[in-house]
Amino acid sequence: MSETGQNPNKSAKTRAEPVLEVRDLVTHFPVRTGVVKAVDGVSFKVYPGQTLCIVGESGSGKSVTARSILQIVDAPGRIVSGQMIFRRADGSTVDLVKLGDRGREIRRIRGNDIAMIFQEPMSSLSPVHTIGDQIIEVLRLHLGLSKTAARARAIELLAEVEIPTPEKAIDRYTFEFSGGMRQRAMIAMSLACDPRLLIADEPTTALDVTTQAEVLDLIKRLQDRHGSAVIFITHDMGVVAEIADDVLVMYRGRVMEQGNVDTIFHHPSDDYTRGLIDSVTRLQRRSDLRAARAPVPADRPPVLEVKNLSMDFEALRAVNDVSFEVRPGETLGIVGESGSGKTTMGRCIVRLLDPTSGEIRYRKPDGEVIDLVTAHGPALKDMRREVRMIFQDPFGSLNPRMTVAQIIGEPLLVNGIARGRELDERVSHLMEQVGLEPAWRERYPHAFSGGQRQRIGVARAVALQPKVIVADEATSALDASLRFQVLDLLLKLQDELGLAYVFISHDIGVIRYLCDRVGVMYRGKLVEVGETEQVVTAPNHAYTKALISAVPWPDPNRRGIHKRHRYVEQV
Amino acid sequence: MLRFIFKRVLWMIPALFAVSFLAFVLIQLPPGDFVTNYVATLAASNEIIDQNAADALRERFGLGEPMLLQYGKWIWGILVHGDFGTSFEWQQPVGDLVWERMALTLTLTLSTLVATWAIALPIGIFSAVRKYTIGDYIVTSISFFGLAIPSFLLALVLMYIAVVIFGQDVSGLFSDEYQNAPWTWAKVADLIHHLWIPVIILAVSGTASLIRVMRANLLDELNKPYVTTARAKGLSEFRLLMKYPVRIALNPFISTIAWLLPNLVSGSIVVAVVLNLPTAAPLLLQSLLAQDMYLAGAFVLLICTLTLIGSLVSDILLAIADPRIRLE
């Protein structure tokens, strides 16, 4: 397998003819209030055997660009103008824009010459058809294979994407697969007809980092074998640095900058690109706010002490004998992949779940220590004021029928702390504290952006002046530039209010930026706890090594996830 | 799966006992009994029955006995002899009365079902795919009319049209000459000739609501990512529509089988009465009015059994149709 950094095609001055050349593509979405120019004059070329990464934040038009190529833009979107010259294997060219979205010709290209992989491998495959059915369909449609031949070929394809026991897997349904396996099946489907161009729309965003690394490896290997061109759409600059030959940066439907991956990362000429790179490279180190602060004294008594905490769901032990402590003013990160039990653990601390065994010793401001596991009645009610939670989904965790003032004021009201004019004043103050205009108090959540909504969630969490906040993936749903604002807000509030955070995340970068110490969870167990810098740079546990080495580094000169550690649990 | 079916069938037994007892009690709850009703009916036509004669009747029907004993005798008869008792009003075994009507009821219901689905599903699909077009608005308006028109009104209007314009005999399911004739092809043709009016009437209201349900189900599915995936594979719009979203949007209809079966007996009472159809529903209504308790009890028991079987069948079919559903 060749090093991606030394792709022979790239060093060659004369490139082959482009597989696809897009010129001035414009795609509009007519809406009630006017026209949304989702793609506004985009031009680029894709070469055989090369990877073009289209990068941008949500709403940048990168996905619509990809869908425009196949003429599968969702209604009411439509391509207004531009050219998309596709070069077939025999050298003939066709303008995809002229083919329209219904005809036989564009259908012959879809899935055959140009294939696509989507973000959510669960919902992008039919839940009621077998994996095999959905692959065989493509083979029969484009290659006209007989049923038995198509089935044999589908098994070969599943083997090629390294799905174990392909002859059995072919008759399975999507929900019987893990996320990574589903995405492999999706890739097998897209490669069925050996396409000239593969479009991958955020194919690894829904996956864990180690699974992401495997899928990226797989796409790279298959690309080398088949010589396809790849358009890879992502918001993750680490992934871009890892796999791209060329990069196209989009913002609000326009191309801000495009060029070779080294140029984009090391000599960006556009301000937006620079901001984007900067927001990622900043996650490579500790926040300035924390680097300047003296470390939390080690002898300060912990505000939260978790001892041998376990949580069973019937036969499954989701949290297994976890112990750690958090001191006031300190942030403890909890990192782990999906299914590691980190969310369950967080929910046990705020008693959304009742742990099966163990202790959660919470030290009240007056020095009294209570066990949150056994707390009930008034003690539990008090504890709910002082140990609070921030949720992941800034859309789902705010009641759409309540105004911002009602949402933020609700904990104060239900706990009988403030009402009337005093409540108004405290809500205004809280809004100022999290950087929201108090004048917006009568608005409903839908009027706010994702970042602003998460600020509302933060304001609600700190309204009761808590001592401990459990933040579960609090910034995962946000774009990179917004993520910083929320992280910095959390740090500012920590200093102002002396808060202790338990910050649950799958994102090593965010953990490194924010946390003083970090614990690593794997299959319900806390396998390692230590100072963030030490865990991230010199991990002790083999699983932590595997996890850290699977994170793509946002620097094209440091590609290395295919050289990562792989962790196999010792049974 | 077999284990699940076995368990469900086992559970049906106590459920049936409970319901049969409840039904028996409920039928007896209104003041009076069949004899009081009978006396009152005769009194309406100036025939007076004295108290002794009434008591003799009660004695003969066993109505004077305690309720529990009556229930016990009834259930024992069903379990041991398959005997559902004798209808007071018709002076015939209940079993014969019910079965006589079930065949025709079944014919009518199944024809209605086929007609409803054959009309409603394609229109529902059309209306979802062409959302907010003229076609969708037209179909939607028509289906709202269908929902809003009471079925007895439609029955009267159609009867009028059939009689006045086509000069057809519209009452019942057979012409007089075939009423008691043995089954021949001519009788079948006569049946079909009579069947279309009730089928249209019953289908109209069913179709209207089904179009709305199908449209809503399909609209939920049309924007799912797997539809985009199918499109990106190069399938034609029609093929991908039928194979993926329509297939999944149809699943909820399987659950409707659960209340389709009991509807065999108790559904469409109004239409059946208006059109004087020899189906089960008018007989059920009459037996309840007359407090003809063994006949009514048999019907309630039948409805209940059909409900239980219907929900079991729909559960099994759902598990077959949707691999995500596991019955364990």
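Some values worked out for this structure:
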| quantity | calculated |
| --- | --- |
| Unmet requirement for residue A:164, which otherwise passes all of (1) assigned to a loop (DSSP other than H, G, I, E, B); (2) within 12 Å of another protein chain (Cβ to nearest Cβ); (3) closer than 30 Å to residue B:320 by Cα | (2) |
| Cross-chain or 6+ apart pairs with Cβ under 7 Å, the range A:403-424 first and farther than 23 Å from residue A:452 by Cβ, then assigned to a helix (DSSP H, G or I) | A:415/A:385; A:418/A:412; A:418/A:426; A:419/A:413 |
| Search result, residues across the range A:131-144 that are at the interface with another protein chain (Cβ under 8 Å from one of its Cβ atoms), open to solvent by 30 Å² or more (accessible area, probe 1.4 Å) and out of contact with any Cys (no Cβ under 6 Å at 6 or more places or on another chain) | A:141 |
| Hits in the range B:38-56 - residues which are in contact with a helix residue (DSSP H, G or I) (Cβ under 8 Å, 6 or more places away or on another chain) and either open to solvent by 60 Å² or more (accessible area, probe 1.4 Å) or under 19 Å from residue B:286 (Cβ atoms) (or both) | B:38, B:39, B:48 |
| Residue check for residue A:495: in a helix (DSSP H, G or I) and within 28 Å of residue A:366 (Cβ to Cβ) | yes |
| Restricting the range B:183-202 to residues that are open to solvent by less than 50 Å² (accessible area, probe 1.4 Å) and over 17 Å from residue B:170 (Cβ atoms), the residue that is nearest to the other protein chains (Cβ to nearest Cβ) | B:188 |
| Selection status of residue A:332, modelled with pLDDT of 90 or more, part of a loop (DSSP other than H, G, I, E, B) and touching a Gly at 6+ places or on another chain (Cβ under 9 Å) | no |
| Count - residues of the range A:167-178 that are away from chain B (no Cβ under 14 Å) and modelled with pLDDT under 90 | 1 |
| Filter pass, residue B:89 being of a type in the set (Asp, Glu) and surrounded by 14 or more Cβ atoms within 10 Å (Cβ to Cβ) | yes |
| In the range B:207-237, the residues that are of a type outside the set (Gly, Ala, Ser) and over 29 Å from residue B:145 (Cα atoms) | B:224, B:225, B:226, B:227, B:228, B:229, B:231, B:233, B:235, B:237 |
| Restricting the range A:86-115 to residues that are assigned to a strand (DSSP E or B) and open to solvent by 10 Å² or more (accessible area, probe 1.4 Å), the residue that is nearest to the other protein chains (Cβ to nearest Cβ) | A:94 |
| Filtered residue count, the range B:223-238, keeping only those that are over 18 Å from residue A:121 (Cβ atoms) and either within 9 Å of another protein chain (Cβ to nearest Cβ) or among the small types (Gly, Ala, Ser) (or both) | 4 |
| Those helices (runs of 4 or more DSSP H) lying entirely in the range B:43-154 with at least 3 residues charged (D, E, K, R) | B:51-61, B:94-129 |
| Residue satisfying all of: in the range B:203-240; polar (S, T, N, Q) and farther than 14 Å from residue B:144 by Cβ; surrounded by the fewest Cβ atoms within 10 Å (Cβ to Cβ) among these | B:223 |
| Residue in the range A:287-300 that is surrounded by the fewest Cβ atoms within 10 Å (Cβ to Cβ), counting only those that are touching a residue at least 40 places away in the same chain (Cβ under 8 Å) and out of contact with any Cys (no Cβ under 9 Å at 6 or more places or on another chain) | A:295 |
| Residue in the range A:499-516 that is in contact with a Leu (Cβ under 7 Å, 6 or more places away or on another chain) and within 18 Å of residue A:212 (Cα to Cα) present | yes |
| Considering residues of the range B:170-182 that are assigned to a loop (DSSP other than H, G, I, E, B) and without any contact (Cβ under 8 Å) to a residue 12 or more places away in the chain only, the residue most open to solvent (accessible area, probe 1.4 Å) | B:180 |
| Among the candidates A:527, A:518, residue that is buried (at least 24 other Cβ atoms within 10 Å of the Cβ) and not acidic (Asp, Glu) | A:518 |
| Evaluation of residue B:108 against (1) surrounded by fewer than 17 Cβ atoms within 10 Å (Cβ to Cβ); (2) in contact with a Pro (Cβ under 7 Å, 6 or more places away or on another chain) (one fails), failing number | (1) |
| Candidates B:305, B:279, filtered to the one that is surrounded by 19 or more Cβ atoms within 10 Å (Cβ to Cβ) and away from chain A (no Cβ under 14 Å) | B:279 |
| Residues located in the range A:116-130, provided they are within 27 Å of the chain's Cα centre (by Cα) and more than 7 Å from chain B (Cβ to nearest Cβ) | A:117, A:119, A:121, A:122 |
| From A:189, A:181, residue being facing another protein chain (nearest Cβ under 10 Å) and buried (at least 20 other Cβ atoms within 10 Å of the Cβ) | A:189 |
| Pairs where the first residue, in the range A:475-488, is modelled with pLDDT of 85 or more and the second is open to solvent by 40 Å² or more (accessible area, probe 1.4 Å), C-beta under 7 Å, 6+ apart | A:488/A:289 |
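The values are calculated or read from the model by the stated rules, or taken from the named source; none is laboratory data. Bear in mind that the values here come from a model prediction, so they are computed numbers and not experimental data. We place every Cβ from the backbone using ideal geometry, glycine too, and count neighbours over all the protein chains shown. The area values use the complete protein model at the heavy-atom level, side chains included, leaving out ligands, DNA and RNA. Shrake-Rupley method; radii C 1.70, N 1.55, O 1.52, S 1.80 Å.
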